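Structure record follows, encoded as C-alpha cells.
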Amino acid sequence: KAEKGKLAFKAGENVKVKFKDDHINYYSNISGYLEYEGGTLKVHAPFWISEDFMEAHYIGLPAVDGIVKQLTSDELYDQMYDKQIKHGIIVEAIEDIVNPRKDGKNGFAVKLIAEGEREKKGEDSKIELFFEKDRQAGKILEDGRMDYREIDIVKTVKRNQLIAVKHLPREGLKGKNLKGEIIPAPKGDNIKFNALNNIKTVAGHGKILYYSTIEGMVVLVGDTGISVNPQFEIRGNVDYSTGNIEFNGDVHIKGSVISGFKVKAEGDIIVNEMVNQDVELISSGNISVAQGIIGRNNNTRITAKGMVTAQYVQSAYIESGADVIIKDYIMNSIIKSKGEVITPDKDKSHKGTGSIVGGEIIAMKGITANSIGSDYAKMTKIIVGVDFEYDTKIKNFNKSVEYCDHEISKMLKFLKLGFQNIDTLKKRVAKLPKEKQKPFIEGFEKLKEIGKLRNEIITKKESLIKATDELSQQANIVVKQGLYPRVFIQIGEIKTSIQKLYEKIRLKTSKNKKEIEFLAFK
C-alpha cells in the first residue's frame, strides 16, 4: 500500500508506473532481468553487445525462485530489433533459447545469438624478380619484402628483358556489423618499388612490369627501387694512365687503385685487388674490395650508400649506409655503418682473424667480431645503437626550430602584437578598412604557416629520438673469443670501459635502459 504522494520505489530503466486506487503498480516494458538497487527498480535486457557492435550474446541467469518466464521467439526478436540487432542473427541459437530444456533445468548460460562479418585487410603488394637470384643484390622474403644485409654483385641483363613484376595491393573485404552497417576494409600495404636508371614500366592487370632499357647490371637499390646500370671496366689499375674516374654506373677495376686517385660512381665500385693510401672511393651503391684497404692516419676514405666489403682494413676511414663486412681484420680505422659491422664474414671458407684493434667503430645495428681490442692496443672505441648522423640531424632540427622562432618573433613585431592576445588583435583588425586589413591578414597567415612548420620539425625530431631509443634496445655487440681491457663501449646513451678480459660475451642494454648487460655467448 502506497503512502500518499510518495512512490515506494523509483522507476528505472525499462520500468513503468501505473496508479490504481491507493496502489502503485510497477510493470516491466521488456522481458529481462530485474535489478533493485538504492530504491530503484530496473529491468535489463538479456543481451550483451560488444562495443564494436560485431557480437551479441544472450545472457541466461538462473531464477531465484525457480520460476522462469519463457521468452517467445517474437519477444526475443522484438527486443533484439529494439537494440538494433538486425544482421547476423543466428536462428539456431534463438530456437535453442525459446525452446525450454527437456530436463527442466534453467542454469546460467551465455549464448552467441548474432555475429557480424569482420572486415579483412587486402593482400599487400609483392615483388617478383626475374634475374639470377644466387647473385642478386639482396634476398627476397616470402612476404615480398627485401633483406639487404648480404648484397652481392648481380648478373648482367639484356635490353628489353623483363626483370621484375610488382603485384599491386588488393582491396580488402568489407565487413558488416549487427546494425547492418558496412565496415570499410583497408587496402593492402603498397611496397615502394621505384623504377630508377634505365628501367621502363608497363602497367598490367593488377601489376606493374619492369623492363631493362639497356644491357647492364641490375641492382636492387636500398629497399625501394631497382636500377640497371651500365658498367665501366678498367682492365688494370686506376693510376696516371686512367686519371680519376667518375662514372654514371658501375665501375669494375680489375687491378688496384693507386695512391692519390679518386673513383666516384653512381652504381657499385668493384676492385679486384688493393685500395692504397690517400685514395677516395665514393659510391651510390656498394663497394667491394677483393683484397685490403690501406690508409695512413685515415687518409683513405671509402663512402658508400650501400654495403662495403673487403679482405682487411688498416688505418682507413669507411662510411656505409648498410653493412660493413671485413673478412680478416680491422686495425686503427674509423668505420661508420648504418647496418652491422661484421668480421670475419659468415663464409666459413675464409679463415680470417676477425679482430678489431684500435680506432673507432660506430654501427647502428650492432657489431660481431672474434675479438675486440688487444693486450697492446691503447684504446678501441665501440659504439652501437646510434646513427652516426644522429648528432648532425639533431643540430639541424634545433637550427630549424631556432629559425622558426626568429621568424615568429619578427612577425609578432610586425603585427605589433606585443602582449595582446592574437584573437583580440584579429577583432581589432576586422574593424579596419579593407585596404588596411591586407598586411595583417597576410601576417596572420604567415604566422600560422611558420607555427605549423615548427610543430612538424619538433615532431620529426621527437620521432628520431624515439627511433634511436628503440634502436639502442635492439643493437648488441657479440665477441666470439676475447673482449680486452681498454675498450670503450657505448650502446645507445649508455657507456662503459672494459677493465678485464671477457671471453665469448654478448653485450646489450638492460631492460631498464640504465646499464649494459654482459651475457654469455654460445
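The values are calculated or read from the model by the stated rules, or taken from the named source; none is laboratory data. Here the structure is a predicted model, which is why all the values come from computation and not from measurement. For neighbour counting, all protein chains shown are included, and Cβ atoms are generated from backbone atoms with ideal geometry for every residue, glycine included.
What the table shows:
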item	result
Residue within segment 394-401 that is over 19 Å from residue 324 (Cα atoms), in the same structural domain as residue 440 (by TED's automatic domain parsing) and either modelled with pLDDT under 85 or part of a strand (DSSP E or B) (or both) present	yes
Scan of segment 447-472 for residues that are surrounded by fewer than 16 Cβ atoms within 10 Å (Cβ to Cβ) and polar (S, T, N, Q), ordered by number	455, 459, 463
Test: residue in segment 382-392 that is at pLDDT 75 or above, in a helix (DSSP H, G or I) and surrounded by 15 or more Cβ atoms within 10 Å (Cβ to Cβ)	yes
Selection within segment 456-482 - over 28 Å from residue 352 (Cβ atoms), under 14 Å from the mean Cα position of the chain (by Cα) and polar (S, T, N, Q)	463, 468
Residue in segment 356-364 that is in contact with a strand residue (DSSP E or B) (Cβ under 7 Å, 6 or more places away or on another chain), in a loop (DSSP other than H, G, I, E, B) and not hydrophobic (A, V, I, L, M, F, W, C) present	yes
Segment 29-54, subset within 22 Å of residue 73 (Cα to Cα) and in contact (Cβ under 8 Å) with a residue 60 or more places away in the chain, residue surrounded by the fewest Cβ atoms within 10 Å (Cβ to Cβ)	48
Residue 444 vs. criteria surrounded by 12 or more Cβ atoms within 10 Å (Cβ to Cβ) and either farther than 15 Å from residue 397 by Cα or at pLDDT 70 or above (or both)	yes
Selection from segment 301-345 of residues that are crowded, with 24+ Cβ neighbours inside 10 Å, of a type in the set (Val, Ile, Thr) and under 19 Å from residue 262 (Cβ atoms)	302, 308, 313, 318
Number of positions in segment 289-303 that are modelled with pLDDT under 95, closer than 30 Å to residue 215 by Cβ and in contact with a strand residue (DSSP E or B) (Cβ under 6 Å, 6 or more places away or on another chain)	0
Among residues of segment 470-494, those that are without any contact (Cβ under 8 Å) to a residue 24 or more places away in the chain and in a helix (DSSP H, G or I), counted	1
Some residue of segment 468-481 being basic (Lys, Arg) and within 30 Å of residue 342 (Cα to Cα)	yes
Failed criterion for residue 59 (all others in (1) at pLDDT 75 or above; (2) in contact with a strand residue (DSSP E or B) (Cβ under 7 Å, 6 or more places away or on another chain); (3) not in a strand (DSSP E or B) hold)	(3)
Strands (runs of 3 or more DSSP E) contained entirely in segment 223-316, each with at least 1 residues that are of a type in the set (Gly, Ala, Ser) and either touching a His at 6+ places or on another chain (Cβ under 7 Å) or touching a residue at least 12 places away in the same chain (Cβ under 8 Å) (or both)	225-229, 262-265, 280-283, 287-289, 292-294, 300-304, 308-310
Conditions (1) in contact with a Ser or Thr (Cβ under 9 Å, 6 or more places away or on another chain); (2) on the phi < 0 side of the Ramachandran plot; (3) surrounded by 15 or more Cβ atoms within 10 Å (Cβ to Cβ): number failed by residue 492	(2)
Odd one out for residue 510 among (1) out of contact with any Asp or Glu (no Cβ under 7 Å at 6 or more places or on another chain); (2) surrounded by 12 or more Cβ atoms within 10 Å (Cβ to Cβ); (3) not aliphatic (A, V, I, L, M)	(1)
Tabulated pairs, segment 436-462, first more than 12 Å from residue 411 (Cα to Cα), second surrounded by fewer than 17 Cβ atoms within 10 Å (Cβ to Cβ) and acidic (Asp, Glu), C-beta under 9 angstrom, 6+ apart or interchain	454/405
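One line per residue, one yes/no per condition, for (1) in contact with a strand residue (DSSP E or B) (Cβ under 8 Å, 6 or more places away or on another chain); (2) farther than 30 Å from residue 85 by Cβ; (3) at pLDDT 95 or above:
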residue	(1), (2), (3)
171	no, no, no
179	no, no, no
185	yes, no, no
193	yes, yes, no
200	yes, yes, yes
206	yes, yes, no
210	yes, yes, yes
